[in-house]
Each structure stands twice: as C-alpha cells, then as structure tokens.
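Inspection log for the structure reproduced underneath, given as structure tokens.
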Amino acid sequence: MTSLDQVKAAAGPAAGSTPPARRGPAPTAPRGAGPPVPRRVRNRRGGRWWTPWLFLAPALILFLYFKFIPMASALTMSFQEVQPYLGNRWVGGENYATVLSSDGFREAAWHTVVLAVGQTAGSMLLGLTLALLMEGQGRRLGFVRSAAFLPVVVPIAVVAELWRIMYHPTEDGMLNSLLGLVGFGPSGFINDPDTSMVSIMLTGIWRGAPYDMMIFLAGLAGVDRGLYEAAKVDGASRFQRIRHVTLPGLRAVLTILFILAAIRGLRVFTEVFLLTNGGPDGSTEVVMTVIYKLGLEQNRLGVGAAGAVLLFLATLLLTVGVHLFRRRGNE
Amino acid sequence: MQRTRWIGAGFLASALALTSCTSGPAGADAKQDSKAELELWTRTTPGGPGEKATLRLVEGFEKATGHKVKVTAIFDDFETKLQQRAAQRQLPDIVMNDVTQLGAMNSQGLLREIDLSKIKNSQDLVEQGLNSGKSVDGKQYGIPYSAQAGALLVRKDWREKLKLEAPRTWDELAALATAFTTRDPDGNGKQDTYGLAAPLSTKRGYASWYFSNFLWAAGGDFITEAGQGTYKPSMTSKESTEAMRWFRALGCDDKVVQPGAVTMDTPPTNETFEAGRTGMFVVGPYLMSRFDKSLGKDKYEVVPMPKGPKDATVLAEGGSVYLMAGSENRAGQDAFAGYAISAEGQRLGMEGVDGSTVQLPVNKTVDVTEVRPDPRWKTYADVYRSSGRYAPSIPNWTPVRQTTAETVNALMADCSLDLGEKLRELDTKLAGILQEQGIAG
C-alpha cells in the first residue's frame, strides 16, 4: 500500500465523527488480507492529521499567549534596552554583562545556592520525620496533620511578619527569651550579618517542611506493608526498616520533591524580600532580589529580563541534571 | 467537519488579530483637540482617600476650566503599568507621581517639555519646588503640586518627665536620645525604650532616604554637581564621612537606635514609635494623622530638625504633575498644571480629613494655616521653605539611593566594618552609576 492510499483510507471517517454503528463490523472485515492490523488502527483512530491538534488548540493558544509569547519577548528584551515609548534599542549581550558583573551578583548566586541547599535538605528531612511520626489512620492524627500543614496555608506576608516578631533582636524577643533560658545571649537573628542567612533558612524550612510532609505521607501510603512485616520478621531494627524499606519505597517521591524544592529554592524571593531585602550588609542577597533591584526598582526591564533568563537556564540545567542522574540510576 | 474547520479558522484569525493589537500607530505628534477628555493617572491607593481627594481637585478644575478629566488611581507597580501604556503608545495625558520619577520618565521619553509661560501661576511657585521639576539640562519637565519635608517628632511626655529641652543641635539630639534609652522615660522599670526610630532597611533605599536628613545637614552629599549637568561622587568627602561617623555612633556606640532597625522599612518603624518603644523620629507631616490616633496628640511634639555641623537641611519630597508625551490636548494639560498650583487648587488639595493631594503648598501666596490651623503644619511648612532640599533630578536616582542605602545599612548592621574603606567602595560604585547614566563629571 502506498502512502497515498493510506492517506485516502484515513481520510474517510474522522475519529471524532464516526458513528459507533459503523465501527462495529470493521474489525472482522479485513482479517486475513495483507497486513490488516495497522490499517485497522489507522481507520479507527486516524482521521486528518490535524484533528488531534484541533482538540489541543484551545489549550495551545492559551499557552501561546500566556506562556510562550511572553517568554519569547522576555528573551528578546534581555538583548535590548527597553524603552517602550522611544522604541527598544538592541544592545546585544550588554544586559547580561551588567547582571553578571553587577556588584554582588556572584555573591548573591552563592547565597542562593546555600539557601536552596539548606532549605531543601532541611525541609525534606523535617518533612520526612514529621511524615513518619504522623503516618496512620487515627482521627486525632488527621487533626495534628492539619495543624502541622498550617504554615503552608498561611500567606507568606503574614509568615514574614510573624517571624520578624519572633526574631526580635533584644532579650525580651520571643526566640531570644527562649535562648536566654538555656543560657545563650540574645542573637541578632535577621539583623546580624552573621546569623541572617541561617534565620531566613529556618523560616523557609518551617514553611516548606509541612508541604514536603504531605507528599511524603502520600508516598508512605504506597509502601507495601508486607515489606515492613517481612523486615521485622527478619529482625530489622526500626532504623533499619526506615533505611532499607521506607526510603527505597519513597524513591520517586524523593526525586520529585527534590526537584520541586530545588526550583523553589533557586527562585526564593518573598521571604528574603519581606524579612531583610538582601541586608544587612548584603548578607542575604539572593539572585531574585538582585534581579528585582536591577530590573524593577531601577526600571531597567532589559537587565531584569537578562537576569530572569539566566535564572531560568540554571533551573533548566538543574532539572535536566536530576532527570539524567535518576535515569542513570534506574539502568 | 465543516464546522471544525471554521472553528480552527476562527482561532487562527483571533490569534492574528490579537498579535496585530500590539503594534499600534505612534502618537508622538498627535492631532490637537482642546475638547478631548484628559486621562489622569495618580499614584495612590484605588478607592482610598487619596483618590477621593484627587477627584475633588479634578472636579474643581472641571468647573473652573470646562475641560473633562478621567481619573485612574494606581498604587502597586505604577511604573510598570505606565511602561505597558508606553508600549501601546497611548500614555495618559497627565501623571501625578513622585518628584524623583522625573529623571526616569524623562530618559524614557515619556514626558514633554513644559513651557512655563503657558502655565498659569507658575511665577508663584516656591523656587526649590520649581527647580525640582527641571532635568539635569535645566529644562522644565514637571510641575510640583505638593511638597513635604522631614521634621523631628519627639515624645513630649518623656522629655518633660526627664526635665529636658527639645533638641536644637546634634549634640542635644544625641543627649536626648541617650536619656530616652537609659533613663526609663516610660517608667515601667525596664530598659526597653530607645532614643531614635530609624527605618534602615535597604528596601526602596530607605536607609539612604533617612540618612540624607543627617548627611546634608552636615554639609555632605551623595553626589555633587561638577558643572554643566555633570556630577561626581562625594561620599568620601570630609563632611560626608563625618556625618556617617556621627550617625553610625548613634547605633553602634550610644545604641540609641531601635534594635532591628537594619531590617525595618517604614511600617514596622512607625509601630515602634506608636508602641512607645522609640522617642524620636524624623518623618514627614503625613504621619501626624496616624500618630494622633494611635499615640495621642498630646504625647508628642513636632520640632524642626536640630542644626547639624552645617545647617538644618532636610530632605524635601513631594508630588509633581507630569505632562505626558503624545497627548492630543496639550492646552488641557497646561491648564491642569496651572490649576493644580493655583491658590484655589492648592487650597482644594489641602482639604479633606483623611486624605489630601497637597501636603504642603508649593504656591508662595498660599499659607498652610488658612486650611490647616494646626500649628504643627506651620512648623512643617517653615522647615520646607527654609531648609527643604530635593534629591537631584539625574536620569535615574534609584540606583544612587539603592547603593548608598546598602552601604548605610551595612555600616549600621556591622559595627566592625571599616568606615573609610566602605565609603571609598561606595564612591567607586557611585562613579560607575554616574558613568553609566552619562553624567559623570
């Protein structure tokens, strides 16, 4: 059969409009003649090549207008000096040079990595611990779980204000009075360049851990109970059961959480912006705050776009990297 | 089949139509129509008292001149939204926004030059106000309609309890701040009060904004004019260094600045003053109505900033009327600017209990006490006229403010940093910024 014949055959009834009555006899008819199976499939599912695209069109057009075109124009903007009224001026890689050579960008990139690693590791560890503690069916557990999930639901602006109060840098501050009980002097927390980073990280973990916990809980439900029992019979300790049964069972969950948390970590902005805005002494400056300052506060949209493109590339690299790593691990 | 094809064609057509929307005709030299409705954007909270006050002003303008105006209030992302309009080449006719936006809007080509001879009452403008509307090349691009300047708020009850005078020099200011910090002025038996409230976060350059009141009074400067519209950095000058050293001592040695200042912008700083944790605060007049309610009018007083090593210069700010490029009703634009600064417009702008468009009048013939009998307003008006100084209208002031804010923030947060070295670094950065803006001297 030539390809032209195939097209003709497919051009007959389009998948969407075929009445069920006509479909009925089709499977039995051509049996025995030629290679019937692929043709049959084509007849039933085929139709014009663009039929599936037509069904996808509403979604694709929305994506086109709200995702792809803005992304493409951001990419173009990153090579331009943006002045909408006078007309944008092409400047080549100048915006990228401005971002990369800007004061403190490299430091900010380092801070972002530190913060991302710390928050990701902290939230996952705490999330897993919480999930292991709260696994089960009890009604009270449901209540406790909801209570633990609360930080995720609270708006970040409220979270920041809450932590600002807790981090009050004098002896009568909330956390400082607790530290005072165990004999540690008042800490400056977010107000001291030495402790500001850790403080922001702590806030991030507090907010991120319950989210991770929920996903872990869902993952834990999928771990075969029988394996636990088998391990128990074999004399495995509680820790060994977690190490050799739970963690391998959560592999997929761990990967997805890692990617999500790492992306969240790289894009970290709101907590930092609200708590310290990169200060004191630039000790908590992250990539997003630098981009915000260069691009939006100074109204240099081209520079801001260049920064955003760089961040996007970093995120893309990370995601692809994790995928490759995981695939290799699977082989 | 036929129908799906049409649907597909429809999608394609609408997609093309949407795309073509983004490139409209340019409106640089629009055809003039003195009857056209003017579109006015003001940077204030939509639905808030600021918008109502603007509507009152506009109503007066419509009655007086017969022009029609449509008011749009925008607060968040005002500049971004303006950029979007610029991209569509359909700017509003009039924008009422901060004076410091002049350089940025002008360098983007959004403003049209103003011919002062066409603006009624422009001869009555306060001189430094008029100058704040000029760009570095001396051309007029903005007409201020409202001004404000900082004055010192002092907890009167605390001061009287400790039997001290209101400060008139920097030494007295430091002494009073120390007394407020160490001598338990609220009498609760705890050391939980501080002399001076200061928002020293880097957010929107607050640290620099607040410090300018001290820097200029000491005779220092962020950048100084080097002739012919050029500037050079001057944070390492003797005066600037001295100002920074003195201000830093308040936080590092005397410890009279509220703890946590380096991560606070204005809202939490206002709270420290309201909650009785700080005793002095340099702010503009707009906060009085808030503090009258939350703290009580009898608890605090407003005095001019104490004299520094040079004088008592404070930061002047305010709002300007900008006439946007591409308007089809330039006569209407001119008329609005003229009305906003007229005696009638200024009085109308000052009215209103909660919100007003005019803080301090910029028209020399208008006395603030005509509308606001409260003598504290008089203090503010006097401070503005005698000691108010605006930030220079360089193409983009924001990076200068941001960078200086970062250094002030760093020096206040870490008392072990070397002051001279930090200021030298700052000067290098400032030189780079001036270079980039093409105004390095």
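Pairs are defined by a Cβ separation below 8 Å, a sequence spacing of at least 6 or placement on different chains, a first member in the stretch A:166-189 that is away from every other protein chain (no Cβ under 14 Å), and a second member that is exposed (fewer than 13 other Cβ atoms within 10 Å of the Cβ); the pairs so defined are A:Leu179/A:Gly185. Residues that are in contact with a Ser or Thr (Cβ under 6 Å, 6 or more places away or on another chain) number at least 3 in the following helices (runs of 4 or more DSSP H) confined to the stretch B:133-221: B:206-217.
The residues of the stretch B:82-105 that are assigned to a helix (DSSP H, G or I), surrounded by 15 or more Cβ atoms within 10 Å (Cβ to Cβ) and within 11 Å of chain A (Cβ to nearest Cβ), listed by number, are B:Leu82, B:Gln83, B:Arg85, B:Ala86, B:Ala87, B:Gln101, B:Gly103, B:Ala104, B:Met105. Among the residues of the stretch B:341-368, those that are more than 24 Å from B:Gly48 (Cα to Cα) and among the hydrophobic types (A, V, I, L, M, F, W, C) comprise B:Ala343, B:Val366. Quick check: anything in the stretch A:289-299 surrounded by fewer than 19 Cβ atoms within 10 Å (Cβ to Cβ), within 14 Å of chain B (Cβ to nearest Cβ), on the phi < 0 side of the Ramachandran plot and of a type in the set (A, V, I, L, M, F, W, C)? Yes.
Conditions: (1) within 25 Å of B:Val282 (Cβ to Cβ); (2) without any contact (Cβ under 8 Å) to a residue 40 or more places away in the chain; (3) of a type in the set (S, T, N, Q). B:Gln108 meets all but one. Number of the miss? Single failed check for B:Gln108: (1).
Could we say that A:Leu162 is hydrophobic (A, V, I, L, M, F, W, C), at pLDDT 90 or above and either closer than 23 Å to A:Val117 by Cβ or assigned to a helix (DSSP H, G or I) (or both) here? So A:Leu162 passes the test.
Once the stretch A:146-165 is narrowed to residues that are within 14 Å of chain B (Cβ to nearest Cβ) and small (Gly, Ala, Ser), the residue that is farthest from A:Val198 (Cα to Cα) is A:Ala157. Cβ-Cβ contacts under 6 Å between residues 6 or more apart (or on different chains), taken from a first residue in the stretch B:300-329 that is on the phi > 0 side of the Ramachandran plot and in contact (Cβ under 8 Å) with a residue 40 or more places away in the chain to a second residue that is buried (at least 20 other Cβ atoms within 10 Å of the Cβ) and assigned to a loop (DSSP other than H, G, I, E, B), are listed as B:Gly326/B:Leu91.
Scanning the stretch B:186-204 for residues that are of a type in the set (Gly, Ala, Ser) and surrounded by 13 or more Cβ atoms within 10 Å (Cβ to Cβ) turns up B:Gly195, B:Ala197, B:Ala198, B:Ser201. In this structure, is B:Thr357 crowded, with 23+ Cβ neighbours inside 10 Å and within 14 Å of another protein chain (Cβ to nearest Cβ)? Spelling it out, it is not the case that B:Thr357 is crowded, with 23+ Cβ neighbours inside 10 Å and within 14 Å of another protein chain (Cβ to nearest Cβ). Residues of the stretch A:129-156 that are over 19 Å from A:Thr270 (Cβ atoms) and not in a helix (DSSP H, G or I): A:Glu135, A:Gly136, A:Gln137, A:Gly138. Apart from one condition, B:Thr365 fits all of (1) among the polar types (S, T, N, Q); (2) surrounded by fewer than 21 Cβ atoms within 10 Å (Cβ to Cβ); (3) touching a residue at least 12 places away in the same chain (Cβ under 8 Å); (4) within 14 Å of chain A (Cβ to nearest Cβ); the exception is (4). If you check B:Glu62, B:Glu79, which single one turns out to be away from every other protein chain (no Cβ under 12 Å) and either in contact with a Cys (Cβ under 6 Å, 6 or more places away or on another chain) or of a type in the set (D, E, K, R) (or both)? Of the residues listed, the single one that is away from every other protein chain (no Cβ under 12 Å) and either in contact with a Cys (Cβ under 6 Å, 6 or more places away or on another chain) or of a type in the set (D, E, K, R) (or both) is B:Glu62. Select from the stretch A:80-97 the residues that are under 14 Å from A:Leu294 (Cα atoms) and touching a Phe, Trp or Tyr at 6+ places or on another chain (Cβ under 9 Å) and list them in ascending order. Correct list: A:Glu81, A:Glu94, A:Asn95, A:Tyr96.
Of all the listed residues (A:Arg106, A:Arg89), the sole one being modelled with pLDDT under 90, closer than 24 Å to A:Val286 by Cα and either loosely packed, with under 13 Cβ neighbours inside 10 Å or within 25 Å of the chain's Cα centre (by Cα) (or both) is A:Arg106. Within the stretch B:246-299, if we keep just the residues that are part of a strand (DSSP E or B) and more than 14 Å from chain A (Cβ to nearest Cβ), the residue that is surrounded by the most Cβ atoms within 10 Å (Cβ to Cβ) turns out to be B:Gly279.
Given the structure, is A:Phe216 more than 14 Å from chain B (Cβ to nearest Cβ), among the aromatic types (Phe, Trp, Tyr) and either touching a helix residue (DSSP H, G or I) at 6+ places or on another chain (Cβ under 7 Å) or crowded, with 16+ Cβ neighbours inside 10 Å (or both)? It is true that A:Phe216 is more than 14 Å from chain B (Cβ to nearest Cβ), among the aromatic types (Phe, Trp, Tyr) and either touching a helix residue (DSSP H, G or I) at 6+ places or on another chain (Cβ under 7 Å) or crowded, with 16+ Cβ neighbours inside 10 Å (or both). Screening B:Tyr231, B:Tyr210 for residues that are more than 29 Å from B:Gly352 (Cβ to Cβ), buried (at least 24 other Cβ atoms within 10 Å of the Cβ) and not assigned by TED's automatic domain parsing to the domain that holds B:Thr100 leaves exactly one candidate, B:Tyr231.
Checked against (1) within 14 Å of chain A (Cβ to nearest Cβ); (2) crowded, with 21+ Cβ neighbours inside 10 Å, B:Thr54 meets all criteria but (1). Just so you know, in the stretch A:200-222 the residues that are in contact with a Leu (Cβ under 8 Å, 6 or more places away or on another chain) and small (Gly, Ala, Ser) include one that is nearest to A:Glu135 (Cα to Cα), and it is A:Gly219.
Answer yes or no: is there a residue in the stretch A:226-241 that is in a helix (DSSP H, G or I), of a type in the set (S, T, N, Q) and in contact (Cβ under 8 Å) with a residue 60 or more places away in the chain. No, the stretch A:226-241 contains no residue that is in a helix (DSSP H, G or I), of a type in the set (S, T, N, Q) and in contact (Cβ under 8 Å) with a residue 60 or more places away in the chain.
The values are calculated or read from the model by the stated rules, or taken from the named source; none is laboratory data. Predicted, not measured: the structure shown is a model, and the values here were computed from it. Here Cβ is always computed from backbone atoms with ideal geometry, including for glycine, and neighbour counts include all displayed protein chains.
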